[in-house]
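The values are calculated or read from the model by the stated rules, or taken from the named source; none is laboratory data. The shown structure was predicted, so the numbers you read here are calculated from the model rather than taken from an experiment. Because the Cβ atoms are built from the backbone with ideal geometry, glycine has one as well, and the counts that use them run over all protein chains shown. For accessibility, only protein heavy atoms count, side chains too; no ligands or nucleic acids. Shrake-Rupley method; radii C 1.70, N 1.55, O 1.52, S 1.80 Å.
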Amino acid sequence: MAGAGSLWLALFLGYVLSWPVLGAVHRLEDHLERVSRGDLSKEVQVANGDELQALAARSNAMMHAMARMRAELMEQNQALTTQARKM
């Protein structure tokens, strides 16, 4: 009986203690899904204070760099379109 109780307690504690990690992974996964669809407007927030928080910060930096590059490409495209229309 004590062994079964200990096993259930260990499983329950493992599940409860994994919530912060699983939540952070889920938020990162959602963020990367939005980025892959082209939505570069929303940052991901992970406040675990561990490697996942660093990964989220790098993901946000990557997203901002992609947004800047997209804006530059749009400007260049507009300039080329304007130049082509003049010709």
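Each row is one residue, and each column tells you yes or no for (1) assigned to a helix (DSSP H, G or I); (2) in contact with a helix residue (DSSP H, G or I) (Cβ under 7 Å, 6 or more places away or on another chain).
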site	(1), (2)
Leu13	yes, no
Ala24	yes, yes
Asp30	yes, no
Gly38	no, no
Val46	no, yes
Ala54	yes, no
Ala57	yes, no
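For residues that are open to solvent by 60 Å² or more (accessible area, probe 1.4 Å) and under 21 Å from Ser18 (Cα atoms), scanning just the stretch 33-48, find the one that is farthest from the chain's Cα centre (by Cα). Before you say what the answer is, go through the steps one by one.
Taking the stretch 33-48 and keeping what is open to solvent by 60 Å² or more (accessible area, probe 1.4 Å), we get 33, 36-37, 41-43, 45, 47.
Next cut, under 21 Å from Ser18 (Cα atoms) only: 45, 47.
Values: Gln45: 8, Ala47: 13 Å.
Ranking the qualifying residues of the stretch 33-48, first place goes to Ala47.
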Q | Options Glu43, Glu29: the member that is free of Cβ contacts under 8 Å to residues at least 12 places away in the same chain and of a type in the set (Asp, Glu) | A | Glu29
